[in-house]
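The values are calculated or read from the model by the stated rules, or taken from the named source; none is laboratory data. This structure is a prediction, so every number in the text was calculated from the model and none was measured. Methodologically, a virtual Cβ is constructed for each residue, glycine included, from the backbone with ideal geometry; neighbour enumeration extends over all protein chains shown.
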2 protein chains.
Amino acid sequence: MLNIPPYLKSIKPYKSGKPIEELKRELGLTEIIKLASNENPFGCSLLVKRAIEQQTVHINRYPDGKAYYLRDQLSKFLEIDQDEIIFGNGSNEIIDLTARVFLSPDADALAFQGSFPIYKLVSKTVGANFIEVPLECDFSRNLEKLLNAITPKTKVIFIDNPCNPTGFANKKEEFDQFIKALPNDVVLVLDEAYHEYTKGHNIPNGLNYIHPINPNIPKKNVILLRTFSKAYGLAGLRIGYAVAQKEIVEILEKVRQPFNTNLLAQIGALEALKDQNFVEFSVKENEKGKIQLYEGFEQLGIKFLPTYANFIMFQVEDADKVYNQLLKEGIIIRPAFGFDNWLRVSIGTKDENIKFLSALKGILEKC
Amino acid sequence: MLNIPPYLKSIKPYKSGKPIEELKRELGLTEIIKLASNENPFGCSLLVKRAIEQQTVHINRYPDGKAYYLRDQLSKFLEIDQDEIIFGNGSNEIIDLTARVFLSPDADALAFQGSFPIYKLVSKTVGANFIEVPLECDFSRNLEKLLNAITPKTKVIFIDNPCNPTGFANKKEEFDQFIKALPNDVVLVLDEAYHEYTKGHNIPNGLNYIHPINPNIPKKNVILLRTFSKAYGLAGLRIGYAVAQKEIVEILEKVRQPFNTNLLAQIGALEALKDQNFVEFSVKENEKGKIQLYEGFEQLGIKFLPTYANFIMFQVEDADKVYNQLLKEGIIIRPAFGFDNWLRVSIGTKDENIKFLSALKGILEKC
């Protein structure tokens with residue numbers, strides 16, 4: 001009876017798993033270790049918690065529609081103009097806004113195979129054709145192949161760098177070349193959700209493509225995505241942002257809901273920004289955990305991909321079985337969607353990593 | 001250089017005012033009374049504050065994508081199925097999802113003149129034609145005129161009942177007739193943001209159109225909107241919901257972002273639902289404040305509209321002047337958009353209402 005656009009018909013609504021408390025009850029467990037969503041296992045800054053506790057007295061009031069104080073703080077932190085920022089209810093929302101504005105049933109979106117699944121989802125919600133460029137045999141990404149796949153119909157390119165779930169990242173030099181060659185009528189969504197974890201690894205900082213410091217790299221239409229959900233540890237609050245040229249931000253603002261970011265998220269992100277020590281601590285601990293897991297995988301003879309983020313993709317013979325067995329033991333990880341028989345584990349605390357490796361060892365020995 | 005759909009070009013991004021703290025500084029005031037956004041002047045339930053304070057330890061974790069516990073609680077409270085509910089980042093988000101799914105550049109959206117401005121905004125973001133049906137001379141709404149305005153192109157009708165900003169509401173009998181006559185290929189978005197304030201006034205409860213108790217009223221395609229932002233006092237958290245037939249919820253779920261409602265909003269709404277005493281208290285106080293303001297307006301010889309919500313629209317000779325003068329005195333109210341020389345004031349606490357009336361009296365005497 002009701003008419004909906006034909007391209008929406010094939011979209012399956014998102015099905016989420018059960019909350020941890022429910023899983024505990026069902027499995028009869030007292031402890032669950034969640035290494036499934038690339039969250040910060042160290043929580044968040046104490047400044048954030050304290051500020052939120054103080055702000056509960058104001059939750060009857062609408063948030064500031066432009067995130068005034070957070071915008072001010074962030075623009076100083078990033079050394080950019082305030083009107084080069086748009087905040088989202090998580091950076092996911094900005095991916096969605098981008099699709100709504102720049103894609104349509106006549107347009108193509110382009111991304112590497114095995115990218116963050118939301119790119120495909122939002123492209124489908126506006127009826128765009130989503131084209132995936134194959135990875136190399138080792139799951140690395142050849143940016144030239146992406147350039148070669150561009151056609152006049154290509155309106156948006158999505159790149160997560162580092163990539164979720166492979167952990168792969170293109171290096172600065174190759175990315176510079178890619179930006180140089182990028183056509184001017186294409187929007188590049190450069191998703192740096194894991195940016196904080198890449199420091200010191202020669203991974204590009206997308207800000208340098210919005211304010212080019214190298215005169216050989218001209219300005220292109222880049223929408224840089226960052227989030228407070230990962231290294232800042234604020235996944236539950238839902239706050240992310242994009243940096244782009246003012247003209248692009250203005251276009252995205254047209255479809256943003258006036259009160260899309262909530263009061264406590266704005267306060268939380270503001271305080272989180274102030275506590276860079278917490279971020280540095282988290283990144284350092286992540287590096288240690290990475291080595292811990294690398295060594296563990298090596299000892300178990302498990303193939304894994306080196307990562308530039310806070311998760312690692314690894315290969316097992318029967319991913320479903322290993323995933324489910326870990327779940328029974330109270331350890332939640334994730335299938336690496338799009339990669340058969342690969343799993344993705346978020347890097348946890350030292351103790352969580354030990355328990356994960358130990359459980360994995362037990363499961364593989366039984367197989 | 002960049003192509004965006006032509007219908008987006010005319011949309012002006014939302015411009016918000018300055019935060020209260022900034023206004024205070026600029027105006028050299030120590031106190032600001034905000035009666036501008038129909039917020040609950042009594043804050044929110046203490047249960048909410050306590051629960052949020054206890055949950056700050058979990059904000060590094062993503063929220064539950066389906067709002068598991070809140071959904072369970074709400075479905076029991078409303079006596080409906082869990083899959084008849086969709087949660088939004090404020091009910092605004094669900095208005096947006098509805099437009100994306102059921103409207104298009106070929107479709108018409110229908111609403112009364114002077115409805116909640118977001119209906120027009122979201123309709124424009126998807127290129128739909130937004131048609132406004134005129135009000136009666138006294139700003140009441142004739143539902144038959146809305147029916148008569150329906151054409152084969154009409155896909156969505158938006159009705160806020162009570163209406164923001166007039167405070168007018170259609171009564172149960174006339175609404176029943178309207179629902180009976182509503183064509184089956186039209187979606188009715190029935191926005192009951194102020195539902196809690198209407199009790200005892202013979203205003204329809206939209207739930208009865210989703211699960212008809214009267215056999216003479218057949219099921220139609222109703223999307224009922226409710227929010228925690230008003231009587232529940234959680235505007236800052238951003239959480240609202242829609243109730244609709246399962247099939248409609250499933251369609252809306254296709255375009256919902258997986259983690260659209262944040263962790264603290266879910267917990268907050270869950271606790272707020274448990275504390276119906278707070279809601280009852282707020283509604284009773286609102287009734288008292290309403291009479292207080294009615295009497296105040298009468299004493300000042302000011303024309304106002306009787307309201308079924310927590311705000312009152314009133315007429316002055318020079319609305320801009322009165323608005324700005326009140327602002328200078330630290331009292332923020334709002335122009336009634338679409339109604340020249342009418343202002344809208346949210347019903348505040350007894351003390352806030354006294355201060356508002358006193359300031360208004362002073363301003364009018366000087367005019």
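Here are a few things to note about the model shown:
- Of all residues in the range B:166-182, those being among the aromatic types (Phe, Trp, Tyr) and under 23 Å from B:ILE312 (Cβ atoms) number 2.
- Any hit, the range A:325-335, residues being over 30 Å from B:LEU237 (Cα atoms), acidic (Asp, Glu) and more than 21 Å from the chain's Cα centre (by Cα): yes
- Restricting the range A:165-208 to residues that are over 22 Å from A:GLU136 (Cα atoms) and small (Gly, Ala, Ser), the residue that is modelled with the lowest pLDDT: A:GLY200
- Enumeration of residues in the range B:294-335 that are in a loop (DSSP other than H, G, I, E, B) and either at pLDDT below 95 or farther than 28 Å from B:HIS195 by Cβ (or both): B:LEU300, B:GLY301, B:VAL316, B:GLU317, B:ASP318, B:GLU329, B:GLY330
- Filter pass, B:THR227 being touching a strand residue (DSSP E or B) at 6+ places or on another chain (Cβ under 8 Å) and of a type in the set (S, T, N, Q): yes
- Residues being at the interface with chain B (Cβ under 7 Å from one of its Cβ atoms) and either more than 28 Å from A:LYS155 (Cα to Cα) or in contact with a helix residue (DSSP H, G or I) (Cβ under 6 Å, 6 or more places away or on another chain) (or both) - total across the range A:242-255: 3
- Taking the range B:77-95 as the range and being part of a helix (DSSP H, G or I) and either outside the structural domain of B:LYS120 (by TED's automatic domain parsing) or of a type in the set (A, V, I, L, M) (or both) as the test, the residues that pass are B:LEU78, B:ILE94, B:ILE95.
- Helices (runs of 4 or more DSSP H) within the range A:1-76 that include 2 or more residues modelled with pLDDT of 95 or more: A:46-55
- Only listed residue being acidic (Asp, Glu) and either free of Cβ contacts under 8 Å to residues at least 24 places away in the same chain or within 19 Å of B:ASN161 (Cα to Cα) (or both), chosen from B:GLU271, B:GLU247: B:GLU247
- Breaking point among (1) touching a residue at least 60 places away in the same chain (Cβ under 8 Å); (2) in a loop (DSSP other than H, G, I, E, B), for B:THR98: (2)
- Of the criteria (1) of a type in the set (A, V, I, L, M); (2) at the interface with chain B (Cβ under 10 Å from one of its Cβ atoms); (3) surrounded by fewer than 24 Cβ atoms within 10 Å (Cβ to Cβ); (4) under 30 Å from A:ALA149 (Cβ atoms), which one A:VAL133 fails: (2)
- Total residues in the range A:297-339, condition without any contact (Cβ under 8 Å) to a residue 24 or more places away in the chain and under 17 Å from A:CYS163 (Cβ atoms): 2
- Residue within the range A:273-293 that is in a helix (DSSP H, G or I), within 9 Å of chain B (Cβ to nearest Cβ) and of a type in the set (A, V, I, L, M) present: no
- Only one entry in A:SER91, A:SER115, A:SER75 is of a type in the set (Ser, Thr, Tyr), within 17 Å of A:LEU225 (Cβ to Cβ) and in contact with a Gly (Cβ under 6 Å, 6 or more places away or on another chain), namely A:SER91.
- Among the residues of the range B:233-255, those that are of a type outside the set (A, V, I, L, M), in a loop (DSSP other than H, G, I, E, B) and crowded, with 24+ Cβ neighbours inside 10 Å comprise B:GLY233, B:ARG238.
- Count of the range B:274-296 residues, restricted to those that are closer than 16 Å to A:ASN60 by Cβ and touching a Phe, Trp or Tyr at 6+ places or on another chain (Cβ under 9 Å), is 8.
- Scan of the range B:30-54 for residues that are over 22 Å from the mean Cα position of the chain (by Cα) and at the interface with chain A (Cβ under 8 Å from one of its Cβ atoms), ordered by number: B:LYS49, B:ILE52, B:GLU53
- Residue match in the range A:88-104 (condition: more than 8 Å from chain B (Cβ to nearest Cβ), surrounded by fewer than 18 Cβ atoms within 10 Å (Cβ to Cβ) and more than 19 Å from the chain's Cα centre (by Cα)): no
- For the residues A:ILE267, A:ILE331, the requirement of being on the phi < 0 side of the Ramachandran plot, in contact with a helix residue (DSSP H, G or I) (Cβ under 6 Å, 6 or more places away or on another chain) and either surrounded by fewer than 16 Cβ atoms within 10 Å (Cβ to Cβ) or not assigned by TED's automatic domain parsing to the domain that holds A:TYR241 (or both) singles out A:ILE331.
- Which listed residue, of B:LEU190, B:LEU110, is of a type in the set (A, V, I, L, M, F, W, C), touching a Gly at 6+ places or on another chain (Cβ under 9 Å) and on the phi < 0 side of the Ramachandran plot: B:LEU190
- Only one of the numbered conditions (1) more than 19 Å from the chain's Cα centre (by Cα); (2) surrounded by fewer than 22 Cβ atoms within 10 Å (Cβ to Cβ) is violated by A:LEU293, and that is (2).
- Which listed residue is surrounded by fewer than 21 Cβ atoms within 10 Å (Cβ to Cβ), modelled with pLDDT under 95 and among the charged types (D, E, K, R), from B:ASP351, B:ASP275, B:ASP340: B:ASP340
- The lone exception for B:LYS220 - which of (1) assigned by TED's automatic domain parsing to the domain that holds B:VAL156; (2) without any contact (Cβ under 8 Å) to a residue 12 or more places away in the chain; (3) of a type outside the set (A, V, I, L, M) it fails: (2)
- Failed criterion for A:GLU39 (all others in (1) in the same structural domain as A:ALA269 (by TED's automatic domain parsing); (2) touching a Ser or Thr at 6+ places or on another chain (Cβ under 8 Å); (3) surrounded by 15 or more Cβ atoms within 10 Å (Cβ to Cβ); (4) not small (Gly, Ala, Ser) hold): (1)
- Qualifying residue in the range A:224-232 (condition: touching a Cys at 6+ places or on another chain (Cβ under 7 Å) and surrounded by 24 or more Cβ atoms within 10 Å (Cβ to Cβ)): yes
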